[in-house]
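Take a look at the structure below.
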Amino acid sequence: MKLISNKALRDFSACHPDAEGPLQAFRQLIEKGHYPHFAALRATFRGVDKVGERYVFNIGGNKYRLIAAIAFTPQLLWVKAVLTHADYDEGDWT
């Protein structure tokens, strides 16, 4: 699967340096994998949930949330937001 917007990961890591390792590990798993449907994605990322039209990934031991849009057929993942768990809980990310 191709990850669109690695810049979002880099920008978030610049403000939250401890997130860099987990975010890059996420990127590597996404880019090495083939996920034809949500069940296949969830087999690798047990901490992913579908919320409306978005997919919410737990990153860094549930410390961060990555919000993404996914098109399974062309194998594309767009990073829409990377948030701390506290910012995610405020709910203004949709």
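Compute the semi-axes of the equivalent ellipsoid of region 1-40, taking the square root of 5 times each eigenvalue of the Cα gyration tensor, and list them largest first in whole Å.
Details: eigenvalues 99, 20, 11 Å².
They are 22, 10, 7 Å, listed largest first.
Dipole of the chain, Cα-centred, from +1 at each Lys and Arg C-beta and -1 at each Asp and Glu C-beta, to the nearest 20 debye?
420 debye
Before rounding to the nearest 500, sum -39500 (n - 2.57) across all DSSP H runs of length at least 4 in the chain and divide by the residue total; then give [θ] at 222 nm in deg cm²/dmol.
On the way: 4 runs with 35 residues, N = 94.
It lands at -10500 deg cm²/dmol.
Relative to the longest principal axis of the C-alpha atoms of the chain, give the angle of the C-alpha long axis of helix 6-15, reported between 0 and 90° and rounded to the nearest 10°.
Orientation of helix 6-15: about 20 degrees from the principal axis.
Of all the C-alpha pairs in the chain, what % are more than 16 Å from each other?
Working: 2168 of 4371 pairs.
Everything past 16 Å amounts to 50 percent.
Throughout, read-outs are computed from the coordinates displayed, never taken from laboratory work. Everything numeric here is computed off the predicted structure, so don't read it as measured data. Reconstructed Cβ throughout: ideal geometry from the backbone, glycine too, with neighbour counts over all protein chains shown.
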